[in-house]
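Novice: Have a look at this one before I ask anything.
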Amino acid sequence: MKGNHQQSSVLSALSTEHLIPLTNVDDIFNDFTGKDKPFIRYLVEDKKIDSKKIAAILSYKFGYPYIQLSNFDTTLVPDGVRNEKLITKHNALPLFLRGKVLFVAMSDPTDLDALEEIQFNTGYSTELILTDELGLQACIEKVLEDEGGSLNITDIDSNELSGIDVQEDQSDDDPVSTGEDDAPIVVFINKILLDAIKKGASDLHFEPYEKSFRIRFRIDGILTEIARPPVSLSSRMSARLKVMAKLDIAERRVPQDGRIKLSLSKKKSIDFRVSTLPTMWGEKIVMRILDSSSAMLGIDMLGYEPAQKKIYMEALEQPQGMILVTGPTGSGKTVSLYTGLNILNTAERNISTAEDPVEINLEGINQVQINNRAGLTFPSALRSFLRQDPDIVMVGEIRDLETAEIAIKAAQTGHLVLSTLHTNSAAETLTRLLNMGVPAYNVASSVTTIIAQRLARRLCSQCKTHEVLSEAQLAEQGFPIDKLSEIKLFKPVGCEHCTGGYKGRVGIYEVIKISPEIASIIMEGGNSLDIAEQCQKEGYNNLRQSGLEKAMDGMTSLKEINRVTSS
């Protein structure tokens, strides 16, 4: 049979490269008979064979190019070829068009019938690109989810967001109406929330003033005004948002915090963290969008240089010690920590986190929401963790000496500890701990790695243009002297695909491994300048140098680097 021949070809290729013992081939072949799943998926799911190793070997043996889909932009998939029936039937995903050729990702290079049927149905010639089975499944799921679960905000009605968890019960003496008369308010709020998601905003600001009311989105780190509804609607819009977040709409004198859950499709939901603040002219409401997919990006998507990624990965592999991530609010510290936790999140490890607030829910990790009023503080949570047989502990933020001492004790007694601090650089992080009152010996012996970071806006690939600077200007900005003649910089222009010439953000990092020399400086009472000087001697890029590297690579502009780092 043809199917048997295809499977035999795959098994032969894998056995000759020793991924499958030759003696197991017949057993695998017989065991697969009657299975209702693609053969490569069977090998990955039933036989627990690494999908990326399978793809690499098959790419080499059959001569097809190999691609990893973890970084693939699914919006590139042409609309006319998103045939759900064909995609699921053949476990094949059309990726993009180049002229009249449609490139199709598959995990099985022997299934040529799939290419023929896709070619017949689309009218395009087809070329096969090999990928790993798990990556292919995830990408297919995302494409089909986007196709079936997207919402058209231009045609939205008030019943369209059924996935939002709304508390409808209200007190009888509530002075603000949220009944049928407010249907237009419901529609408008729903549209604003969807618009924020569509534009890639991280925060929404609803701000009442004496004679105006404005709504702003923070997009790629910059606040942008979106709308100015009539000021007379401010109290009704605030009431609607508070109802959705299950807050007390009768209480306007004190700040409140809540959450809203928005279901975009059966498998895709986004949380909003809601914070209210009484001001002179009403309640200002800020909503942070908590998209759990940001925690699943993978370390390769965050922007680490190869050497920086190597240091971080080696630190995560250590059985004990402390990894500190530092930077201002909104610099991506949470995503860096969650990415590390996802790498560590296996069935063999017990991971507990103490967070204020818990921003993203992670399956398999024990997350604790800090509640100071109830007495559940960072120190008390950490003490409990140490009685719960932990392997890895994450502390949302080290804010005081007590938290720092317990975290350091955990790092010294066989636990891997991850946490954050609010400082401007890696060197300042160490002196901040010393200034808190942590003994120098404990800092030097427990902290293994420090990551300082910022987020810079990424230049739009569609419209960016060259920026010409003289060598003297480049040298003044801090670019390497030996590379001045080779440097090509870009600047933003602005087009329909971006916001002011930028689209998305990229991380800029300073990643320091605590060496014996740096530890000696700490023990001798050295300051942050002494530590920073030693880091330079050991070849670690500071934030400015890392930012200039990103500018030289064409990812961002010099102006943006100047905005997020000091010259």
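Novice: Which cysteines in the chain lack any other cysteine whose Cβ sits under 4.7 Å from their own Cβ?
Specialist: Result for the chain is C139, C535, no neighbouring Cys Cβ within the cutoff.
Novice: If DNA, RNA and ligands are ignored and the probe is 1.4 Å, what is the ranking of K464, K503 by accessible area, most exposed first?
Specialist: Values: K464 70, K503 120 Å².
The most accessible residue leads, giving K503, K464.
Novice: What's the carbon and sulfur percent of the range 50-148's accessible surface, probe 1.4 angstrom, rounded to a whole number? Mind dumping the intermediate values first?
Specialist: Details: 2480 of 5010 Å².
Exposed carbon and sulfur together represent 50 percent of the surface.
Novice: Same structure again: Among DSSP bridges having both ends in the chain, what percentage is antiparallel? Round to the nearest 5. Please report the intermediate quantities before stating the final value.
Specialist: Working: 54 of 84 bridges.
Antiparallel bridges: around 65 percent, rounded to the nearest 5.
Novice: Please list, by residue number, every one of the trypsin sites (Lys or Arg not before Pro) in the range 190-239 that is coil in DSSP and has at most 11 other beta-carbon atoms within 10 Å.
Specialist: On the way: sites: K191, K198, K199, K211, R214, R216, R218, R236; in loops: K211.
Here the sparse-neighbourhood loop sites are K211.
Novice: Using a cut-off of 12 Å between beta-carbons, work out the net charge of the residues near P21 (Lys and Arg +1, Asp and Glu -1, P21 not included). List each step's numbers first, then the result.
Specialist: Details: positive: K47; negative: E17, D26, D27.
The answer is -2.
Novice: When the expected Rg is taken as 2.2 N^0.38 Å, what fraction or multiple of it is the alpha-carbon Rg of the range 399-520?
Specialist: Values: Rg = 20.5 Å, N = 122, 2.2 N^0.38 = 13.7 Å.
Against the compact-globule rule of thumb, the ratio is 1.50.
Novice: How large is ³J(HN,Hα) for each residue in the range 125-135, as worked out from phi by the Karplus curve 6.51 cos²θ - 1.76 cosθ + 1.60 (θ = phi - 60°), to whole Hz, x for Gly and Pro?
Specialist: Working through the residues one at a time gives 5, 10, 10, 8, 10, 7, 9, 7, 4, 5, x Hz.
Novice: Next question. Out of residues 5 or more away from S107 or on other chains, whose amide H comes under 5 Å of its own, with H placed 1.01 Å from N in the peptide plane?
Specialist: Placed amide hydrogens put T131 under 5 Å from S107.
Novice: Carbon and sulfur atoms: what percent of the 1.4 Å accessible area of the range 355-446 do they account for?
Specialist: Values: 1740 of 4050 Å².
Roughly 43 percent, rounded to a whole number.
Novice: What label, among [x] -0.66, -1.17, -1.36; [y] -0.92, -1.25, -1.31; [z] -0.89, -1.38, -1.44, belongs to log10 I(q)/I(0) by the Debye sum over Cα atoms at q = 0.09, 0.12, 0.13 Å⁻¹ computed from the structure on display?
Specialist: So the structure-derived entry is [z].
Novice: Express the accessible area of the chain per residue in Å², computed with a 1.4 Å probe while the remaining protein chains stay in the model. Can you show the working numbers first?
Specialist: Values: 28000 Å² over 567 residues.
With the other protein chains kept in place, the chain gives 49 Å² per residue.
Novice: While we're on this one: Could you tell me the calculated FRET efficiency between K100 and S70, based on Cβ-Cβ distance and R0 = 25 angstrom, to the nearest 0.05?
Specialist: Details: r = 28 Å, r/R0 = 1.13.
For K100 and S70, the calculated efficiency is 0.30.
Novice: Still on this structure, please answer the following. Using 0.36 nm times the number of residues separating Q462 and T329, minus their current alpha carbon distance, what extension gain do you get? Working shown, then result.
Specialist: Values: separation 133, 0.36 × 133 = 47.88 nm, distance 2.97 nm.
Roughly 44.9 nm would be gained on extension.
Novice: Out of the total accessible area of the range 194-353 (probe 1.4 Å, heavy atoms of protein only), what percent is carbon and sulfur?
Specialist: In the range 194-353, the share of accessible area belonging to carbon and sulfur is 53 percent.
Novice: Still on this structure, I have one more. What residues qualify as long-range amide H neighbours of L489, i.e. H under 5 Å apart, gap of 5 or more or another chain, H built at 1.01 Å from N?
Specialist: Long-range HN contacts for L489: E467.
Novice: Determine the percent antiparallel among the DSSP beta bridges restricted to the range 278-415, to the nearest 5. Spell out each step's value before the answer.
Specialist: Working: 3 of 11 bridges.
Just about 25 percent of them are antiparallel.
Novice: To one decimal place, what orientation-averaged projected area in nm² is obtained for the convex hull of the Cα set of the range 266-397? Walk me through the intermediate numbers first.
Specialist: Numbers: hull surface 43.4 nm².
Value for the range 266-397: 10.8 nm².
Novice: Can you compute 3J(HN,Hα) from phi for each residue in the range 439-450, using the Karplus curve 6.51 cos²θ - 1.76 cosθ + 1.60 with θ = phi - 60°, rounded to whole Hz and x for Gly and Pro?
Specialist: x, 4, 4, 5, 5, 5, 8, 10, 6, 9, 9, 10
Novice: Let me ask something additional. Compute the Rg/Rh shape ratio of the range 449-513: radius of gyration over Kirkwood radius, all on alpha-carbon atoms.
Specialist: Numbers: Rg = 14.7 Å, Rh = 13.8 Å.
Result for the range 449-513 is an Rg/Rh of 1.07.
Novice: Give me, ordered by chain and number, the residues 5 or more places off L290 or on other chains with an amide H under 5 Å from its own placed amide H.
Specialist: Amide H to amide H, under 5 Å and 5 or more residues apart or across chains, L290 pairs with D271, F272, R273.
Novice: If you don't mind, another one. Can you give the net charge of the other residues whose Cβ lies under 11 Å from the Cβ of M552, counting K and R as +1 and D and E as -1? It would help to have the intermediate numbers written out before the result.
Specialist: Values: positive: K483, K488, K550; negative: E486, E549, D553.
Value of the local net charge: 0.
Novice: How big is the dipole moment of the chain about its Cα centre under a simple scheme where the beta carbon of each Lys and Arg is +1, that of each Asp and Glu is -1, and everything else is neutral? Debye, nearest 20, please.
Specialist: Working: 62 positive and 78 negative charges, 190 e Å.
For the chain, the charge dipole is close to 920 debye.
Novice: Residue farthest toward the positive end of the dipole of the chain, with Cβ of Lys/Arg at +1 and Asp/Glu at -1: which of P65, Q545, V25?
Specialist: The residue sitting most towards the positive pole is Q545.
The values are calculated or read from the model by the stated rules, or taken from the named source; none is laboratory data. Because the structure is predicted, anything quoted here is derived from the model rather than measured. Cβ sites come from the backbone with ideal geometry, for glycine too, and all protein chains shown count toward neighbours. Accessible surface is based on the protein model in full, side chains and every heavy atom, while ligands, DNA and RNA are left aside. Shrake-Rupley method; radii C 1.70, N 1.55, O 1.52, S 1.80 Å.
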